[in-house]
Amino acid sequence: MRSYAGIGSRKTPLSIKPQIKTIVETLNAKGFILRSGGADGADLFFEEYSKEKEIFLPWPNFNGSNSELNTVCKRAMKLASKFHPAWNKLSQGAKKLIARNGYQVLGKDLNDPVELVVCWTQDGKVQGGTAQAIKIANYCYIPVFNLYNEYEKLIEYIEEL
């Protein structure tokens, strides 16, 4: 099944929702499944409009979600440690939050990469938890489109899919 990661800052403004709706509806029509993380902001905006979705949580009932994809394995933690600049300084909970980003990009078995990553970050910067997913995507040569400054480029790209 074709998939994409729809992720971003918890502070994604409501004004971005119409763009996300357009993108999600286009990808829905092309048979894509959303992968996201159940966090406030961009994650929930993508989830709201998606027909098919895999929502990866760091633990059961995260942010009130009932997704059954709610554990983080040792392999995901090891992957996360390779990309996070201060891994050893994180609490166990923070490590699980960061490690779930690997699933969003690489799937539940960490071997089924998405075709693209769509995100929103403040000022288009690689920052916050979203940075982890972007770094993994970049490492795997998966295209990343930040809605902060690449909406038109993304629309052109998905029309060609």
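Key figures
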quantity	calculated
Helix 92-106 vs. the chain, principal-axis angle (Cα, 0 to 90°, nearest 10)	40
FRET E, pair LYS108, ALA29, Förster distance 25 Å, beta-carbon r, rounded to 0.05	0.55
Extension reserve of the ARG10-THR71 stretch, reckoned as 0.36 nm per residue once the Cα distance is removed	19.9 nm
For the chain, built as a Gaussian network whose Cα springs stay under 10 Å, the top-fluctuating residue of ASN66, ASN146, ASN101	ASN66
Long-range HN-HN contacts of LYS53 with modeled amide H, under 5 Å	LEU34
Backbone HN-Hα couplings from phi across segment 142-151 [Karplus 6.51/-1.76/1.60, Hz, Gly and Pro as x]	9, x, 10, 10, 9, 5, 4, 9, 10, 4
Highest-fluctuation residue, GLY93, GLY107, GLY37 considered, GNM on the chain with Cα pairs under 10 Å	GLY93
Using alpha-carbon coordinates, inclination of helix 128-139 to the longest axis of the chain, degrees	80
Subset of LYS21/LYS96; LYS96/LYS135; LYS17/LYS51; LYS11/LYS51; LYS17/LYS53 violating a 20 Å alpha-carbon distance limit	LYS21/LYS96; LYS11/LYS51
Cα pair distances of segment 3-159 binned at 10 Å [whole percent]	12, 46, 35, 7, 0
Relative contact order for the chain, counting Cα pairs under 8 Å that sit 6 or more residues apart, in percent	25
For ASP123, ASP112, order by how many other beta-carbon atoms lie within 10 Å, fewest first	ASP123, ASP112
Evaluated over segment 74-161, the Cα radius of gyration and Dmax, each in Å	13.5, 42
Listed residues ILE134, THR71, GLY93: farthest to the positive end of the dipole of segment 3-159 (Cβ charges)	GLY93
The chain - mean residue ellipticity at 222 nm from DSSP helices (-39,500 (n - 2.57) per run, n ≥ 4, rounded to 500)	-12500 deg cm²/dmol
Rounded tilt (10° steps) of 74-83 against the dominant C-alpha axis of the chain	70
Proxy reagent accessibility, fewest Cβ within 10 Å first, across THR12, THR121, THR71, THR130	THR71, THR121, THR12, THR130
Vicinal HN-Hα couplings computed from phi for segment 56-66 (Karplus, 6.51 cos²θ - 1.76 cosθ + 1.60; Hz; Gly/Pro x)	9, 10, x, 6, x, 6, 4, 6, x, 7, 9
For TYR148, distant residues with modelled amide H under 5 Å away	THR121
Residue of GLN122, GLN19, GLN104 that the Gaussian network model of the chain assigns the largest fluctuation, springs spanning Cα pairs under 10 Å	GLN19
Added length on full extension, which subtracts the Cα-Cα distance from 0.36 nm per residue, GLN127 to LYS78	15.6 nm
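All of the numbers you see were taken from the coordinates with simple rules; none came from a lab. None of the values given here were measured: they were computed from a predicted structure. Neighbour counts run over all protein chains shown; Cβ positions are idealised from the backbone, glycine included.
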